[in-house]
Structures are given as structure tokens and as C-alpha cells.
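Read the structure below first, then the notes.
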Amino acid sequence: FLVLFDQHAVDERIRVENLSEGYRLGSDQLKSKALTPRVEIYLAENETAILKNLLPRMSKLGITLILEEDKLFLCEVPLCLFNKIAKENQLDSLGDRVTTVIKQLVVSAEHSRGVIPSLPHFLADIINSEACRGAIKFGDKLSLETCKLLLSNLALCEMPFQCAHGRPVLTPLIEVEDAKLLDEPINLMNLMKRCIHSDTME
């Protein structure tokens, strides 16, 4: 097959897997950022009761909380979350944003018998967004060597056939054996236009 690769999707897939690995300490521990000073957060009594059983799992997500008498302190947050908020110059809202996240995890655990995901959606979305924003853009001119390097790195990915958001990184254009039977050379631009038009119609 003659295959068309989406250069943005390819680079995004490579970046998201590299970022995911870079934000981890081992297979089940996310890197965290210590907060100085620590931040006091406020939860309802029933939320705090549920949270007490989730503290070890929260720690695996990079969220370290300490209960002191009737007060709850946030000591560490996931590094990917801290980086995102820092880039947005919104560190003053860190406590409120993490409180919202903790409340969501508590609700999730309450409805799943104490189970919370190994990588919750809000963290996956942060990593996916970082990968997307830093990836090669559609239409950027690339050298042949860069293209070769991208495909070599893509081949090393665990999920090489879709970008961070689930879209395919490639589209088959035509079977090579069929192309040999054509009377005229393949017009790649027409094939690309047909492919784009077909995707739009779907």
C-alpha cells in the first residue's frame, strides 16, 4: 500500500508516549512537585471520611495529602498538573483546582467501591494537550531525514496507529499492485484531496 502519514498526529503520538514516561517514576507512580508552603484545602466531612481510605492511591497519582486533627493539607501535586498551571500563570489557584480534582476522585471512588483510575482523565488530558501543543503542525515543511526519524520513532511507540486523541496517524491511499496497472502516473495531490474529502463526508 501507498500510505499517507499525518505528520502532526505522528509527532503527537511520539510526544505523548515520551511525556507519559517522563512524568512517571516506574509503572504505577507519577512524579510529583512538592509545595512550599503546603496548602490547606477544605472538604465536606463525608468527603474527608472517604478520602482517608484513598490517601495511598492518591500518593501514587502524585497527590500527597496530610490530615492533622481536623485540617487537610496538600503537600505534593502531580508534576504535569503543576507545570500546566505554572505555564498559565495561575499558581494562586492551585489549591482550588486540586480541591476540585480531589472531589471528583472522591465521587468516582464512592461509585466504584473505592477504585480510582491509574491515570485519571484530567491527568491524561493534561499530558495529551502538552503533546499536541508541542507537536509538528500540519503543513510544516519537513526534511526527508526528519520524516525518516519520525517514522523510526513511531515504530517504537506502544500505540503507533493513533494520535493522543485517538485519531489515526495514517491513511492507505492505494494498493501498490493496483497502481502498477494504471496507464498514467499516480497523482498524489488528487489522491490526498480525495482522502480529505472522504474523511469530511464521514
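Structure values in brief
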{"item": "Cβ-Cβ under 6 Å pairs, at least 6 apart or on other chains, the range 48-66 side in the same structural domain as residue 35 (by TED's automatic domain parsing), far side buried (at least 16 other Cβ atoms within 10 Å of the Cβ) and of a type in the set (S, T, N, Q)", "result": "62/32"}
{"item": "Test: residue in the range 99-110 that is of a type outside the set (A, V, I, L, M, F, W, C), farther than 22 Å from residue 41 by Cβ and without any contact (Cβ under 8 Å) to a residue 40 or more places away in the chain", "result": "no"}
{"item": "Residue in the range 118-131 that is surrounded by fewer than 13 Cβ atoms within 10 Å (Cβ to Cβ) and either basic (Lys, Arg) or in contact with a Gly (Cβ under 8 Å, 6 or more places away or on another chain) (or both) present", "result": "no"}
{"item": "Check on residue 22, surrounded by fewer than 19 Cβ atoms within 10 Å (Cβ to Cβ), of a type in the set (Gly, Ala, Ser) and on the phi > 0 side of the Ramachandran plot", "result": "no"}
{"item": "Candidate set: the range 104-123, residues that are of a type outside the set (A, V, I, L, M, F, W, C) and in contact with a Lys or Arg (Cβ under 9 Å, 6 or more places away or on another chain); chosen: the one farthest from residue 27 (Cα to Cα)", "result": "114"}
{"item": "Residues (in contact (Cβ under 8 Å) with a residue 60 or more places away in the chain, outside any loop (DSSP other than H, G, I, E, B), within 27 Å of residue 26 (Cα to Cα) and not polar (S, T, N, Q)) located in the range 124-159", "result": "127, 130, 131, 132, 134, 150, 151, 154"}
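The values are calculated or read from the model by the stated rules, or taken from the named source; none is laboratory data. None of the values given here were measured: they were computed from a predicted structure. Virtual Cβ from ideal backbone geometry, glycine too; neighbours counted across all protein chains shown.
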